[in-house]
Amino acid sequence: MTTTEAGVMELLEGRVDACRAKDLDRLMSYYSPGIVYFDVVPPLQFAGTDAVRRNFRRWFNEYEGPILLQTHELNIAAGDDVAFASMLHVDDGRRNNGIEGEVWIRSTVCCRRIDGKWLVTHEHVSIPAGWVVPETDAPTG
C-alpha cells in the first residue's frame with residue numbers, strides 16, 4: 001500500500017469509527033465544505049456540510065445504541081491529490097422503530113487532498129436491487 005493509499009485508508013477507517021460511535025463532529029471533520037452526498041433517503045442529494053450533517057443526525061437518531069457498521073470489498077484508487085474508493089457496508093444495530101437486521105449498502109467515496117489533508121468531496125450510497133427498504137426509510141411522494 002502506498003503512502004497516499006494509507007492516507008485515504010486512514011480517512012475511511014476514521015469515518016467508519018465516527019459512524020459507529022455516532023460522533024457527528026468527528027464524522028463531519030472528514031468532509032469538505034463543498035461535499036455533495038447522494039443517499040437513499042429524500043431528498044436523495046445533500047449539498048454542503050450543513051445538509052450532510054442534518055442527514056447524518058437523522059441516521060444516527062434512528063438507532064437506540066451504536067451503529068454496527070462493517071466495511072467489505074474495499075477498493076482504493078489514489079493519485080497524488082485525488083482518490084476514490086468503492087466498498088460495501090453492512091449497517092446493523094437496534095433501531096428505535098424496533099426493526100432489527102442488517103442492511104447492505106454500496107458506497108463510492110471521492111476524496112481530495114486539500115491543504116495536506118484528505119477530505120471526502122463526493123459520496124454516493126445505494127442499496128442493491130432487490131433489497132426492501134424498511135418502511136421508515138422509504139422515499140415519499
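Each reported figure results from applying straightforward, stated rules to the coordinates on display, with no laboratory input. What you see is a predicted model, and the numbers here were worked out from it, not measured in a lab.
If the chain linking residue 17 and residue 41 were pulled fully straight, counting 0.36 nm for each residue of separation and taking away their Cα-Cα distance, it would gain 6.4 nm. What's the angle, to the nearest 10 degrees (0 to 90), between helix 49-61's Cα axis and the longest principal axis of the chain? The helix 49-61 is inclined about 40 degrees to the chain.
For the chain, the longest principal axis of the alpha carbon atoms and the long axis of helix 3-21 meet at an angle near 20°.
Take every pair of alpha-carbon atoms less than 8 Å apart whose residues are at least six positions apart; their mean separation over the length of region 3-129 yields a relative contact order of 25 percent.
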